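Okay, so here's the structure we're looking at.
Throughout, read-outs are computed from the coordinates displayed, never taken from laboratory work. Here the structure is a predicted model, which means the values were calculated and not measured. Ideal geometry is used to build each Cβ from the backbone, glycine not excepted, and the neighbour counts take in all protein chains shown.
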Amino acid sequence: MAQYFEAHPDNPQPRLLKQAALLLQKGGIVAVPTDSSYALVCHLDDKDAVDRLRRIRQVDEKHHLTLLCRDLSELANYARVDNRQYRLLKLGTPGPYTFILEATKEVPRRVSHPSRKTIGLRVPDRKGLQLLLELHGAPLLATTLIPGGETEPLNDPQEIRERYEKLVDAIVDAGACPLEPTTVVDLTPMGTGGDPVVVREGRGSLQALGL
């Protein structure tokens with residue numbers, strides 16, 4: 001049965017998020033609010049947790065999972081970033097954008113795309129999630145909380161509790177968050193002189209990125 005943490009949306013209680021971080025370090029799966037929608041997160045280096053995350057979300061290894069990072073300097077440890085890519089990343093972080101980049105060796109091969117060796121990365125603009133990342137001390141692997149066979153992410157923490165309390169280890173209830181998913185931009189073509197490719201237009205403004 002999942003633990004249920006009611007956190008203040010603007011001033012989240014560190015003691016609650018410390019408990020969530022401890023569960024993650026022990027291999028748990030936690031449902032958390034982001035600046036785009038609720039997501040499922042787990043420890044990056046825990047194979048069993050990653051496999052379980054995919055089973056709950058009902059996706060295979062070709063589905064891009066996303067690394068949630070605290071800031072751009074942390075992101076640069078897990079992705080190869082040149083000067084052009086970095087300038088664009090600065091425009092969209094923190095914020096509701098997911099950027100696809102070539103993964104470094106810091107990313108376990110099992111969580112990068114199997115053929116492209118890429119990973120989705122983002123720096124969320126949500127106070128509670130930033131605090132959780134800080135307490136965890138490392139990026140978290142995430143996937144949008146969309147039930148299998150459905151197209152819309154869940155936004156109501158009570159509904160998440162009803163549907164997932166036997167599948168996840170904890171739910172962080174910080175109220176509703178936007179229902180619109182992140183804007184996804186593939187930056188890998190920039191590494192060979194090409195232009196970024198918009199994979200999905202979502203909550204993040206393309207104009208803010210100059211696209």
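Which values of log₁₀ I(q)/I(0), to two decimal places, follow from the Debye formula for segment 3-209 at q = 0.13, 0.14, 0.16 Å⁻¹ with a uniform point scatterer at every Cα?
Evaluating at q = 0.13, 0.14, 0.16 Å⁻¹ gives log10 I(q)/I(0) of -0.65, -0.76, -1.02.
Charges at C-beta only: +1 for Lys and Arg, -1 for Asp and Glu. How large is the resulting dipole of segment 105-206 about its Cα centre, in Debye rounded to 20?
540
Put a dot 7 Å past each Cα toward the Cβ at R200 and E180; how far apart are the dots in nm?
According to this spin-label approximation, the distance is 1.4 nm.
Using the 10 angstrom Cβ neighbour count as an exposure proxy, how do H8, H136 rank, fewest first?
Values: H8 12, H136 22.
Final ranking by Cβ density, sparse to dense: H8, H136.
Over segment 112-211, what relative contact order in percent results from Cα pairs under 8 Å that are six or more residues apart?
Over segment 112-211, the number comes to 15 percent.
Going by alpha carbons, how many degrees (0 to 90, nearest 10) lie between the helix axis of 14-25 and the longest principal axis of the chain?
On a 0 to 90 degree scale, this one is about 70.
In what sequence do M1, M190 fall when counting other Cβ within 10 Å, fewest first?
M1, M190
Residue-wise, which Karplus ³J(HN,Hα) couplings in Hz belong to segment 51-56, taking 6.51 cos²θ - 1.76 cosθ + 1.60, θ = phi - 60°, and x for glycine or proline?
3J(HN,Hα) across segment 51-56, in whole Hz: 4, 5, 4, 5, 5, 4.
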